[in-house]
1. Quick one: would you say TYR522 is among the aromatic types (Phe, Trp, Tyr), more than 15 Å from GLU279 (Cβ to Cβ) and not assigned by TED's automatic domain parsing to the domain that holds PRO596?
2. Condition first: over 18 Å from ILE157 (Cα atoms), touching a helix residue (DSSP H, G or I) at 6+ places or on another chain (Cβ under 7 Å) and of a type in the set (Lys, Arg). Now tell me which residues in the range 173-230 satisfy that.
3. For the range 712-766, give me each residue that is of a type in the set (Asp, Glu) and more than 26 Å from TRP801 (Cβ to Cβ).
4. Just for the range 501-519: of the residues that are farther than 25 Å from SER626 by Cβ and among the basic types (Lys, Arg), which one is surrounded by the most Cβ atoms within 10 Å (Cβ to Cβ)?
5. Hey, among VAL803, VAL771, VAL811, which residue is modelled with pLDDT of 90 or more and over 37 Å from the mean Cα position of the chain (by Cα)?
6. I'd like the residue in the range 711-732 that is assigned to a loop (DSSP other than H, G, I, E, B), modelled with pLDDT under 90 and of a type in the set (A, V, I, L, M) and, out of all such residues, is nearest to LEU641 (Cα to Cα).
7. Sort out which residues of the range 207-226 are modelled with pLDDT of 85 or more and charged (D, E, K, R), and write them in order of number.
Amino acid sequence: MSPKGTRIIIGWDPDEVVVMPRKLWNSLEKHYCLVADNPWLIAGDFNVTRELVDSMAGNSKVTRGMVEFNECINHIEVQDINCNGKINRNRIETIIDENGKWKEGDEAYNVIVDYFGEFLGVEHDVDPIVEPDNLFSKRLDNQQALDMVKDVTNEEIKAALFDIDDDKAPGPDGFSSKFFKKAWMIVGNDFCYAVKEFFLSKKILKEVNATVIALVPKVPTPGKVGDYRPISCCNVIYKCISKVIVNRIRDHLGCLVSENQSAFIPGRSILDNVLLSQELVKGYHIDRGFARCAMKVDIQKAYDTVSWKFLQDILKEFGFHDSMIIWIMNCVTTSSFMININGSFHGFFQGKRGLRQGCPLSPYLFTLVMEGLVDKVKKRVNDWKNKSLSYAGRLQLISAVLASLPVYWASVVLLPKGIIKEVEKIMRNFLWNSGQNCKGVAKVSWNKICKPKTYGGLGLKNLKEWNIALLSSRVWKLISGQNSLWVKWVNCYLLEGRSFWDVGSKDKMSWSWRNLLKIRPYLRDFFYSRIGNGKGINMWFDNWHQLGPLSYVLSHREITSAGYNIRDKVSDVIVDDNWSWPSEWIDIIPQLGDFPVPRLIREKKDEVYWRNYKGNIVPFAINQVSSSLIYHEPIVEWYDLVWFQNSIPSHCFILWLAILGRLRTQDRMKRWKDSNDFSCVFCNSQIDSHSHLFFDCNYTKEVWNLVKVKVKMNHRAGKWVDIIMELQYSLKKKSINNFIRKIALAASIYHIWNERNKRLFGKQSNSVENVVKIISEDIRLKIFSLNLGYLGLNEELCKEWNVPVKNKDYVHENRN
């Protein structure tokens, strides 16, 4: 017998020990009496499950092994510790209560319901606001308040509904916003009536405002209820009602909310607060200087503990109309809750409160922090079943998902070169090698891929240029003088009247500010200032003159020696409507005297514009910056032969590689591997190459000739290069026939290359007729997907390709 309190562990490695299940269970039952009073743990692979839901194979009946295993478990009185894999991470089988005890089953569900019932279903006393007249200096005026409560229109309701994402989780009624959008022609009038009824009666049905709380783990291994984040799933009608209210009050929040609150306020960005906080805390590690303190305040369950009475008082003091207050409070105070646990609803309670939810070492430390970003990218890649994706599929994932992961970081700081290189490496390996970390597999260089499609690339973003473009929004805010707390701070403490383009970088400055200064050379020539009163444009460093910034032609010494100040504005250098240039400057730089003196308008402020790479004035936008930063080169003539609307992405990708000469044909393989075994799998006459495969080989030439007849394509060129050159001009004109010919070209290249690989690696083959049949079927399906026949147009074409044509009465009914 073991001493009292000894922990007894029984375990085995299933790869080393052959376990006979029933013999093991009998042995455990026999030895149970020896360890019954001591803590013990049994760990190993029993090769059997306790319940049907535990099986990943989806068994539909209880086996004899399961019955005997459960009998053993019950006899030796042990508890199953759910060591579930990723598939069951969101399931809640056990929970720790407030006394630190583990609960399971119904007891666990009751702990969860009681926890949220306490937070949401119990009202707590809050001291009333005293002296309300002196509480807020900013209030809505009467007209603003009245504008918010004007009659709700059907158009407003429809716009609010269609602004809700299709994939948002449905509420208790089970209907998603996508359902109402798709069925709008049928349910639209009733939906609008239901929403309007709320605004007219100022009452909401309790069923409409019922809410399901979904619990999402905040940590990898949640144990307590607090480890789960409650997400409220509301009915679509309620979402639409609240969306209408939000749309009405959103534009007025800027005049009510103080500048230090940036989130959710139109025209403000939370990134300003990130930059400002870095400025405020720089130098906190230095002992000398004035006393200072920084506090991080985390309000526990901030949304869940808001007092409704306090909320109502706040709305009144801000001057909201009584009707708007009633609408808002009705939405908030009539809520009821159920908890979704493992797919079932538990509990029901009425809500009572809450709302539904500069140091040299720095760069190295930041690299460690950014490793989290790299790890996040790697994890996202490894989660995908990428081996089943085509090149085009991987390209779409990179473009839509991977490229968006660094955006938040890239919007705040200048990403280190090592991080950019690592992220691009991950993307490159994923595109060309299904995420495997292998060298030498890239068919096209990454720099080429990141060029726009019009320049022969794939249109992916260059991460360095995209990083600069995202940071440029900070520079734009500063140069254009937007009303922001961060802008005011920079002008007051960092610039002190100097130009952003002139101020130097010092070690004592914050790292984020020095990062902004680093990107100045990339942006300066694109900022253009237009003179109004001349009081906001720096004479020497802003781009307002035909010569560009005058600091390009005049040095600091020349400016100060002539008696000017580097802080001078344009208005300071105009005296009696004439330039006050020194005569020697005019002799050296005649353009100074030739430039007309602008007419200063006292009431008109100077304006800043973005002038793109073409020299055109355009509204500032991140995409405009990104477009201006790339190296512009001649547009490739074959661009729209490969990339066009409604094309087949996987076909276009292979056609793109073929035009670039980057398919791994035998003539290219021979550069790396010298062998006498290379020969065309179709004709065995010579090694295959791009020009031979498309379409010198007798087999592929016959395929191409038959496809040309099918799509009524006539061209004289015989060589691959000449074919592309001829078709890129002959198929320029937009027409349905040219569209089909482009589809046919891409499909022919794709399926010939596919047939070549099947014969070379899979030992499979198709006749010429079968390959042409496959190509034709792809063309037919693409025509079918365009619904050409449904418009009553191109009927002859549809009949030729065996595409069903709907009659005109059907078309008329569907148009109505």
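1. yes
2. Matches in the range 173-230: LYS218 only.
3. The one that is of a type in the set (Asp, Glu) and more than 26 Å from TRP801 (Cβ to Cβ): ASP722.
4. The selected residue is LYS506.
5. Matching residue, one of VAL803, VAL771, VAL811: VAL771.
6. Among those that are assigned to a loop (DSSP other than H, G, I, E, B), modelled with pLDDT under 90 and of a type in the set (A, V, I, L, M), it is LEU731.
7. GLU207, LYS224
This table checks each residue for (1) more than 39 Å from the chain's Cα centre (by Cα); (2) buried (at least 20 other Cβ atoms within 10 Å of the Cβ); (3) among the small types (Gly, Ala, Ser).
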site: PHE644; (1), (2), (3): no, no, no
site: LEU655; (1), (2), (3): no, yes, no
site: THR665; (1), (2), (3): no, yes, no
site: HIS692; (1), (2), (3): yes, yes, no
site: LEU727; (1), (2), (3): no, no, no
site: ILE736; (1), (2), (3): no, no, no
site: LYS742; (1), (2), (3): no, yes, no
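The values are calculated or read from the model by the stated rules, or taken from the named source; none is laboratory data. Computed from a predicted structure; not experimentally measured. Every residue, glycine among them, receives a Cβ derived from its backbone with ideal geometry; neighbour counts consider all protein chains shown.
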